[in-house]
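S.K.: Before I ask anything, here is the structure I am working with.
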Amino acid sequence: MTLAEMIAASNAPAVLVRRDLHRYPETAFLEYRTASRIAAYLDHLGFAVRTGREIMDAEIVIDPPSREQIEDAKRLALAAGGDAAWMERMPDGLTGIVADYRFGDGPTVAFRFDMDALPVSETEAEAHRPNAEDHRSRFAGRMHACGHDGHVGIGLALARRLAQEKGLDGTLRLIFQPAEESARGAAPMVAGGAVEGVDHLFVGHLGCLLPSGKVAASAVGFLFSSRFAVTFRGAVAHAAMGPQEGRNALLAGASAALGLHGISRFSGAETFVNVGVLRAGTAFNIIADTCEMLVEVRANSHAAHDYMVERLHAVIEGAAAMHQCAVDTVRKSHMPGNENSPEAVALIADVATGLPGVTEVLPEWSIGGGDDACLMIRRVRETGGTAAYCIIGSDIPAVHHAADFDIDENTLETGVALFAGVAQRLLRPRG
């Protein structure tokens, strides 16, 4: 069934969409089922929908998926109810969507929703609600373990509600972003014009350890971060008969990993480092000639972030020199910090106060990580608009990105009501 057919028969569209997407999670730039069904539904509602190269700059996509990955994703998407016509408009993994609904003259009010999943295997525990209620992931090794399925549910329920609204002026813009988890999706959308002409932009996230019933008007604590792919290149040799002929890339990588985790602190700032992947070697008695590393550094200030990046390069190059290896270090993503517009934050707080189900509105809440939506927020503010990122509280049984992560589906309606109220305030003509 299409989303339009499913939603038409539902009294809880946000929950229905969330569960539909939870069954079929898709990762960065491979969100073909998700994106095609979103696009088809928004088109059904009367939105002007743009996707693919219309709204994403392919030239700045970092690590686009291979042709084989794309074809495999499309086959799976079609078998699971994806829309073939819309998928054809999303070449090369360009799955982002921008949908506009024009009510008349007036401001453009935009909302961003991320839609990618994670390479996480969902728990098989019977007590896990998606297992108990039959909406667990059908795609092995992939899972919506951060709430993006709920975000899309909020977005489409918002679209349905506002498309039926009377007495509004201006334009409602809904942005559905791929590849947020790898911090690679926002930049090509910004470069493709996704937020050009936007007067007001709002972004929200479910959970983030904020309990159900609470809304934080301003998400703070966004970290500056950079991710790097590092390849050490040495020389292969027999580990017993001729070790002196080898150049051990595995040891270079291991030395770098230890050195990176030993980077000195930066006074007055919070800094983080994580070597997430270290891969090398082929056999017991062969000196490894290549070693691959994925590493991320984060900090809560620009100066501390720059320090971490500088030390990262020094450690990696030093480890390579110590083991007589060559090394290539490539930055894979970068996220700056974030600053919300006070006017947008005040509007979120005002609308959230008194909403059914909201027991407390907090002025701010630390997100404890990052989101490349900050690139969209920065662009809107640079061009004279206002923008803010908020947190919609949701009880969660496990931390984000865990195998037993889940959300409180009752909070989806809070998200819809909050964003609908914000849009109505800004799009309703002032008499």
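The values are calculated or read from the model by the stated rules, or taken from the named source; none is laboratory data. Please read all numbers here as calculations on a predicted model, not as lab measurements. We place every Cβ from the backbone using ideal geometry, glycine too, and count neighbours over all the protein chains shown. Each accessible area value is taken on the protein alone, full model and side chains, heavy atoms only, with ligands, DNA and RNA left out. Shrake-Rupley method; radii C 1.70, N 1.55, O 1.52, S 1.80 Å.
S.K.: Output wanted: per-residue J couplings in Hz (rounded whole) for segment 179-189, from phi through Karplus 6.51 cos²θ - 1.76 cosθ + 1.60, θ = phi - 60°, x for Gly and Pro.
M.R.: Along segment 179-189, the couplings run 6, 6, 4, 9, 6, 10, x, 6, 4, x, 6 Hz.
S.K.: Continuing with this model, one more query. Among bridges DSSP assigns within the chain, what percent are antiparallel (round to 5)?
M.R.: Of the beta bridges lying entirely in the chain, close to 65 percent run antiparallel.
S.K.: Please give the FRET efficiency for residue 382 paired with residue 332, using the beta carbon to beta carbon distance and R0 = 22 Å, rounded to the nearest 0.05.
M.R.: Rounded to the nearest 0.05, the efficiency is 0.35.
S.K.: Right, here's the next one. What fraction of the Cα pairs in segment 176-266, stated in percent, has a spacing above 20 angstrom?
M.R.: For segment 176-266, the fraction of Cα-Cα distances above 20 Å is 67 percent.
S.K.: If a paramagnetic tag sat 7 Å from the Cα of residue 399 along the Cα-Cβ line, which residues of segment 194-227 would have the backbone N under 16 Å from that point?
M.R.: The answer is 207-210, 223, whose backbone nitrogens lie closer than 16 Å to the label point.
S.K.: Turning to a different aspect of this structure: Considering only protein heavy atoms and a probe of 1.4 Å, how much of the accessible area of the chain is carbon and sulfur, as a whole percent?
M.R.: Of all accessible area on the chain, carbon and sulfur atoms account for 51 percent.
S.K.: Using a Gaussian network for the chain with springs between C-alpha atoms less than 10 Å apart, which of these wobbles most: 115, 293, 308?
M.R.: Looking only at 115, 293, 308, the largest GNM fluctuation is found for 293.
S.K.: Taking the Cα centroid of segment 334-362 and of segment 191-232, what is the distance between the two, rounded to the nearest whole Å?
M.R.: Each part's Cα centre sits 13 Å from the other's.
S.K.: Given the -39500 (n - 2.57) contribution per DSSP H run of 4+ residues, what per-residue ellipticity at 222 nm results for the chain, rounded to the nearest 500 deg cm²/dmol?
M.R.: It comes out at -10000 deg cm²/dmol, rounded to the nearest 500.
S.K.: For helix 249-260, report the angle its Cα long axis makes with the longest principal axis of the Cα atoms of the chain; keep it between 0 and 90° and round to the nearest 10°.
M.R.: Once rounded, one gets 60 degrees.
S.K.: Sticking with this structure for a sec: Nearest 10 degrees, 0 to 90: what angle lies between the long axis of helix 67-79 and the longest principal axis of the chain (Cα atoms)?
M.R.: The answer is roughly 40 degrees.
S.K.: Along the charge dipole of the chain, pointing to its positive end and built from +1/-1 on Cβ of Lys, Arg, Asp and Glu, which listed residue (320, 99, 250) has its Cα farthest out?
M.R.: 99
S.K.: Need one number for segment 238-306: average projected area of the convex hull over its C-alpha atoms, nm².
M.R.: Computing the convex hull of the Cα atoms and averaging its projections yields 5.4 nm².
S.K.: May I pose another question? Using amide H atoms built in the peptide plane, which far-off residues or other-chain residues are under 5 Å from residue 108 H to H?
M.R.: Result for residue 108 returns 171, 199, 200.
S.K.: How big is the charge dipole of segment 320-431 about its Cα centre, in debye rounded to the nearest 20, if each Lys and Arg gets +1 on its Cβ and each Asp and Glu gets -1 on its Cβ?
M.R.: Using Cβ point charges on Lys, Arg, Asp and Glu, segment 320-431 gives about 680 debye.
S.K.: Oh, and also: Rolling a 1.4 Å sphere over the protein heavy atoms, what is the accessible area per residue of segment 387-431, to the nearest Å²?
M.R.: 36
S.K.: Now, a different point. Peptides 167-178, 79-90: what's the order by average Cβ count within 10 Å, highest mean first?
M.R.: In descending order of packing, they fall as 167-178, 79-90.
S.K.: Go through segment 34-44 residue by residue and turn each phi into a ³J(HN,Hα) via Karplus (6.51, -1.76, 1.60, θ = phi - 60°); whole Hz please, and just put x for glycine and proline.
M.R.: 4, 5, 5, 6, 4, 4, 4, 5, 5, 4, 4
S.K.: Mind listing the long-range amide H neighbours of residue 204? Cut-off is under 5 Å, sequence gap 5 or more, other chains count too, H placed in the peptide plane at 1.01 Å from N.
M.R.: 112, 390
S.K.: Using only the alpha-carbon atoms, how far is helix 342-352 inclined from the longest principal axis of the chain? Give it as 0 to 90 degrees, nearest 10.
M.R.: Approximately 60 degrees, to the nearest 10.
S.K.: Separate question: Sticking to Cα atoms, compute the Rg of segment 126-200 to one decimal and its Dmax as the biggest Cα-Cα distance, whole number, in Å.
M.R.: In order Rg, Dmax, the Cα atoms of segment 126-200 give 16.7, 49 Å.
S.K.: Follow-up question, since we're still on this one. About the Cα centre, and with charges only on the beta carbon of Lys, Arg (+1) and Asp, Glu (-1), how big is the dipole of the chain? Nearest 20 debye, please.
M.R.: The calculation lands at about 320 debye.
S.K.: Which residue fluctuates the most in the chain, going by a Gaussian network model with Cα springs under 10 Å, if the choices are 184, 50, 129?
M.R.: Most flexible of the set in this elastic network: 129.
S.K.: For the chain, what is the relative contact order in percent, using Cα pairs closer than 8 Å and at least 6 residues apart in sequence?
M.R.: 22
S.K.: Summing Lys, Arg as +1 and Asp, Glu as -1, what charge do residues with Cβ under 13 Å from the Cβ of residue 121 carry, residue 121 excluded?
M.R.: Net charge in that neighbourhood comes out at 0.
S.K.: Okay, next question. May I ask you to give the solvent-accessible area per residue for segment 287-377, in square angstrom, as obtained with a 1.4 angstrom probe?
M.R.: Spelled out: the 1.4 Å probe surface of segment 287-377, per residue, equals 45 Å².
S.K.: Hey, another quick one. Where the convex hull is taken over the Cα atoms of the chain, what is its projected area averaged over directions, in nm²?
M.R.: Over all viewing directions, the chain projects a mean Cα-hull area of 22.4 nm².
S.K.: Once the Cβ-Cβ distance between residue 11 and residue 353 is put in as r, and R0 is 22 Å, what FRET efficiency do you end up with, to the nearest 0.05?
M.R.: 0.25
S.K.: Quick one: Cα centre-to-centre distance for segment 51-72 and segment 366-408, in angstrom?
M.R.: That distance is 24 Å.
S.K.: Return the lysines within reach of residue 332: Cα separation strictly under 30 angstrom, same-chain partners fewer than 8 residues apart disregarded; answer none if there are no such residues.
M.R.: Cross-link targets: 74.
S.K.: May I pose another question? Find how many whole Å separate the alpha carbon centroid of segment 257-286 from the alpha carbon centroid of segment 19-37.
M.R.: Centre-to-centre distance over Cα atoms comes out at 33 Å.
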